[in-house]
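The values are calculated or read from the model by the stated rules, or taken from the named source; none is laboratory data. These numbers were taken from a predicted model, which means no experiment stands behind them. Cβ: placed from backbone, ideal geometry, glycine included. Neighbour counts: every protein chain shown. These area figures cover heavy atoms from the full protein model, side chains too; ligands, DNA and RNA do not enter into them. Shrake-Rupley method; radii C 1.70, N 1.55, O 1.52, S 1.80 Å.
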Number of protein chains: 2
Amino acid sequence: MKTVVHTTPLENLKEKILSYTLVDDEVLKEQLQSYQKLNLKKGDTLVIPGQLVQHFYYVVTGCIYYYKLDEGAQNVLEFYTDDVFFTDLPAYVKETPSNYYLKASEDTIVYAIKKTDAENSFKKSHQLERFGRLSMQEAFIKSFTRIERLNSRTNEERYLRLLKKRPDLFQRVPQYLIASYLGLTPVGLSKLRKRLGKS
Amino acid sequence: MKTVVHTTPLENLKEKILSYTLVDDEVLKEQLQSYQKLNLKKGDTLVIPGQLVQHFYYVVTGCIYYYKLDEGAQNVLEFYTDDVFFTDLPAYVKETPSNYYLKASEDTIVYAIKKTDAENSFKKSHQLERFGRLSMQEAFIKSFTRIERLNSRTNEERYLRLLKKRPDLFQRVPQYLIASYLGLTPVGLSKLRKRLGKS
DNA sequence: GAATCTCATTAAACTGGTTTAATAAAAGTG
DNA sequence: CACTTTTATTAAACCAGTTTAATGAGATTC
């Protein structure tokens with residue numbers, strides 16, 4: 001009989017928060033109670049265009065992709081996978097209808113916290129406010145590296161970089177979504193791959 | 001004789017901070033004392049590659065552009081103009097040498113706060129921590145809209161959008177930097193403009 | 001005010017993408 | 001298993017950008 005160290009999803013979230021800054025146990029406990037667990041099936045959506053975005057999310061396992069439709073074409077901005085926070089921030093902050101989809105590309109477990117709860121906790125606790133600042137800072141830096149890549153690399157470099165940095169994506173997400181993320185058409189990515197394969 | 005309401009640069013900064021959240025007067029006063037005023041001439045740099053980035057900055061007037069060199073070519077990521085906070089965040093946060101330049105494209109006044117001072121103030125004051133979080137959130141959203149544009153628009157749309165949103169840039173910054181910001185060569189931008197002019 | 005720099009435009013040849021459409025292969029589904 | 005749906009590849013025609021190099025037009029400097 002095997003002894004398994006069982007990590008609950010909520011413990012993942014707790015560890016994640018503590019990775020940013022120290023938070024007293026009672027405060028953290030109360031904060032964690034504000035999160036609601038959601039089990040999403042492949043294809044389920046958290047947000048669709050026109051909706052208000054009243055939650056902040058955390059992916060425990062699975063993959064959420066963030067995209068919009070431009071003249072019928074999916075346009076992928078980001079993939080959120082294991083142990084990251086996300087939401088549609090512009091809509092969340094401004095409380096205006098979203099222009100985006102947040103959709104599970106596979107079965108996915110997320111925790112959701114209501115904006116009002118999140119804001120109250122920031123107001124009540126300096127420590128959680130700090131966690132908020134630092135996680136936002138991290139998100140900003142990630143977003144910055146995205147800009148860096150979009151701006152400065154050729155498609156080929158971006159493809160190779162993604163292949164190296166997030167190889168799991170190529171297993172779990174269809175290639176046409178990756179093409180979109182790289183700013184290519186599926187045809188374009190296919191040609192690029194062919195070109196590389198030959199050399 | 002004219003009566004002029006004179007706004008000092010420091011008052012700009014004060015207003016900016018208060019635009020995010022309430023901060024008690026004494027706390028704010030102390031915070032403002034941590035900022036050092038810098039008068040930059042056109043071409044002066046705040047950061048060059050290889051340097052550590054130990055300050056957070058605020059542009060009062062003027063324009064700082066944020067770029068790196070890729071095989072000799074300037075690659076512009078952002079222009080920071082009046083009343084915005086900025087720094088080279090990845091280098092600032094990780095305390096690793098910068099890969100970028102921060103350079104004045106015209107005579108520019110900035111305020112600078114040392115990282116240690118900034119961090120202390122966040123630690124001491126929940127209100128300033130909150131200011132930190134909200135300003136970071138705003139920066140993230142701006143960066144996000146940049147990704148949105150880089151990712152989803154054609155060069156033509158991006159050009160027209162920039163022309164509309166930040167017409168001042170076209171007056172104060174050479175066109176080849178704008179081309180770089182749009183992800184084009186100077187030649188490419190020139191052709192694009194020609195094409196548009198004709199139609 | 002002549003000489004020098006800096007910046008924008010144009011031309012020509014080239015290229016890595018696009019679109020559209022057909023085909024092939026793989027993955028669900030009853 | 002056969003059927004349908006989804007995803008990836010290929011081909012062909014096209015185009016918006018690239019590079020390189022020459023020219024032009026404004027600023028700057030002495």
| task | Please specify each residue of the range B:165-186 satisfying the condition of being exposed (fewer than 13 other Cβ atoms within 10 Å of the Cβ) and under 14 Å from residue B:146 (Cβ atoms). | result | B:165
| If you go through the range B:54-79 one residue at a time, how many are of a type in the set (Gly, Ala, Ser) and open to solvent by 10 Å² or more (accessible area, probe 1.4 Å)? | 2
| message | Where the second residue is among the basic types (Lys, Arg) and the first is within 11 Å of another protein chain (Cβ to nearest Cβ) and lies in the range A:70-86, which pairs have Cβ atoms under 7 Å and are six or more apart or on separate chains? | response | A:75/A:68
| note | Of the listed residues (B:135, B:121, B:143), the one being within 30 Å of residue A:71 (Cβ to Cβ) and either surrounded by 14 or more Cβ atoms within 10 Å (Cβ to Cβ) or more than 16 Å from DNA strand D (Cβ to nearest atom) (or both) is B:143
| field | Boolean, residue B:195 is touching a Cys at 6+ places or on another chain (Cβ under 7 Å), surrounded by fewer than 17 Cβ atoms within 10 Å (Cβ to Cβ) and modelled with pLDDT under 95 | value | no
| Residues satisfying the stated conditions in the range A:174-196, i.e. near DNA strand D (Cβ under 8 Å from one of its atoms) and more than 14 Å from chain B (Cβ to nearest Cβ) | A:174, A:175, A:176, A:186, A:187, A:189, A:190, A:191, A:193, A:194
| said: So in the range A:166-175, with the set limited to residues that are part of a helix (DSSP H, G or I) and in contact (Cβ under 8 Å) with a residue 24 or more places away in the chain, which one is nearest to DNA strand C (Cβ to nearest atom)? | reply: A:172
| message | Which numbered condition in (1) open to solvent by less than 20 Å² (accessible area, probe 1.4 Å); (2) under 17 Å from the mean Cα position of the chain (by Cα) is the only one that residue A:28 fails? | response | (2)
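Working carefully through the options B:189, B:162, find the one that is out of contact with any strand residue (DSSP E or B) (no Cβ under 9 Å at 6 or more places or on another chain), of a type in the set (A, V, I, L, M, F, W, C), in contact (Cβ under 8 Å) with a residue 24 or more places away in the chain and surrounded by 14 or more Cβ atoms within 10 Å (Cβ to Cβ). Before you say what the answer is, go through the steps one by one.
Working: B:162 fails: in contact (Cβ under 8 Å) with a residue 24 or more places away in the chain.
Selected residue: B:189, the only one of B:189, B:162 that is out of contact with any strand residue (DSSP E or B) (no Cβ under 9 Å at 6 or more places or on another chain), of a type in the set (A, V, I, L, M, F, W, C), in contact (Cβ under 8 Å) with a residue 24 or more places away in the chain and surrounded by 14 or more Cβ atoms within 10 Å (Cβ to Cβ).
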| Criterion violated by residue B:51 - all others in (1) more than 14 Å from every other protein chain (Cβ to nearest Cβ); (2) assigned to a helix (DSSP H, G or I); (3) open to solvent by 10 Å² or more (accessible area, probe 1.4 Å) satisfied | (2)
| Out of (1) within 13 Å of chain B (Cβ to nearest Cβ); (2) in contact with a strand residue (DSSP E or B) (Cβ under 6 Å, 6 or more places away or on another chain), what's the single condition that is false for residue A:145? | (2)
| request: Working only within the range B:181-199, note down all residues that are near DNA strand C (Cβ under 10 Å from one of its atoms) and assigned to a helix (DSSP H, G or I). | output: B:186, B:187, B:188, B:189, B:190, B:191, B:192, B:193, B:194, B:195, B:197, B:198
| task | Please specify each residue of the range A:12-60 satisfying the condition of being touching a helix residue (DSSP H, G or I) at 6+ places or on another chain (Cβ under 9 Å) and of a type in the set (A, V, I, L, M). | result | A:13, A:17, A:18, A:22, A:23, A:27, A:28, A:32, A:47, A:52, A:53, A:60
| said: Please verify whether residue A:6 is at pLDDT below 95 and more than 16 Å from DNA strand C (Cβ to nearest atom), treating the condition exactly as stated. | reply: yes
| task | Considering only residues that are facing chain A (nearest Cβ under 10 Å) and surrounded by fewer than 19 Cβ atoms within 10 Å (Cβ to Cβ), look in the range B:91-109 and name the one that is nearest to residue B:174 (Cα to Cα). | result | B:99
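Return the residue satisfying two criteria in turn: it lies in the range A:31-48 and is among the hydroxyl-bearing types (Ser, Thr, Tyr) and assigned to a loop (DSSP other than H, G, I, E, B), and of such residues it is nearest to the chain's Cα centre (by Cα).
Among those that are among the hydroxyl-bearing types (Ser, Thr, Tyr) and assigned to a loop (DSSP other than H, G, I, E, B), it is A:35.
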